[in-house]
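Beneath this line is the structure, given in structure tokens, with notes to follow.
Every read-out reported here was derived from the displayed coordinates using simple, explicitly stated rules and does not represent laboratory data. Keep in mind it's a predicted model, so treat the numbers as computed, not measured. Cβ atoms come from the backbone with ideal geometry, glycine included; neighbour counts cover every protein chain shown.
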Amino acid sequence: MTTAGENASSPMSILSVGAVTPLGRDLKRIAQKLASPAEVFPSAFRVNDELLSDPALDKRLRRADRFVRMAVLAAKDACSAAESACADVPRERIGLIVATGFGPHCRGFRFIDGILDCGDSDALPTDFSHSVHGVAAAYITELLELRGPSVTATDFTCGFEQAVLLAQCWLDQGACDRVLVGAVEEVGEVLIHCASRMLKNDQRLTPGEGAVFFMLGPHDVAGIAHLQSASEPHDLDLVILDVPAIPAAQTTKPAARARRATTFNPYFGHSPSSSAFGLLGELLSLSAGRSLG
């Protein structure tokens with residue numbers, strides 16, 4: 001929450017949340033696990049394969065990989081939870097912004113392997129079409145029948161933050177009545193190999209994967225909480241201290257005076273989209289009425 005006059009844009013109302021995480025897909029169960037001490041770090045925080053199946057969508061997701069499935073299911077859960085808040089909103093007025101740091105890099109490496117093993121002419125075209133960063137947004141707009149503007153934001157350190165800023169602009173300018181904003185990351189063997197050689201504060205980084213989406217609306221629509229972007233983060237109610245996955249790509253941010261600071265990396269792992277999972281943890285803390293993480 002920002003102080004009056006600090007930011008000209010109006011705050012946004014968070015109407016719903018959907019998540020597919022290493023702690024599960026059910027928000028109540030995720031909150032229960034966040035209330036317990038974090039377990040010993042594994043080599044990577046992975047999403048259980050059993051969470052990536054949905055009878056209503058499995059047939060239409062038959063060519064989709066983990067990256068797409070995590071994004072689609074988290075986005076679907078967010079839309080379902082916001083059904084009443086979006087009941088009178090035309091699909092053309094619902095925007096979509098997907099943030100990711102590494103994108104579908106696992107599928108990209110699979111496509112490259114196909115070229116190396118079989119030659120240019122025999123590499124699978126499906127691997128190519130699913131290796132582009134916008135593939136998750138394409139699936140979400142088709143399966144959830146969203147017809148508003150759609151953007152994929154890619155950045156190693158602040159992609160989710162930029163997505164939130166853009167959503168605020170769309171709502172302020174009247175381009176959309178609702179904006180579905182989320183982040184998705186996938187862990188692959190190449191990423192695990194690289195992360196094992198990267199240090200943050202003399203500790204090894206543990207990569208994490210998953211997807212989390214938020215349905216956002218104008219501030220006058222009743223929701224879970226208000227979300228306000230701030231160019232000068234002073235006197236905030238809380239600060240989320242999740243670090244980006246690539247130490248060399250960090251940016252210097254001004255110090256913030258906050259009532260409470262927390263991190264959720266020990267539960268979700270490190271990723272370029274750690275701040276999205278941090279926001280999920282803080283919303284669950286608000287719902288639980290106590291500090292989690």
TODO: Express the relative contact order of segment 12-288 as a whole percentage, based on alpha carbon pairs under 8 Å and six or more residues apart in sequence.
DONE: 29
- [ ] Using the number of other C-beta atoms within 10 angstrom as an exposure proxy, rank Glu185, Glu92 with the fewest first.
- [x] Glu92, Glu185
Task: Binned Cα-Cα distances of segment 33-81, short to long, each 10 Å bin given as a whole percent - done: 20, 42, 28, 10
Task: Neighbourhood net charge (12 Å Cβ-Cβ; Lys/Arg +1, Asp/Glu -1) for Leu143 - done: 0
Task: Thr263/Leu124 FRET efficiency (R0 45 Å; Cβ-Cβ; nearest 0.05) - done: 0.70
TODO: Output the antiparallel fraction of DSSP beta bridges having both residues in segment 12-288, as a percent to the nearest 5.
DONE: 55
Task: Whole-number D in µm² s⁻¹ for segment 12-288, Kirkwood Cα-pair radius fed into Stokes-Einstein, 10 °C, 1.306 mPa s - done: 83
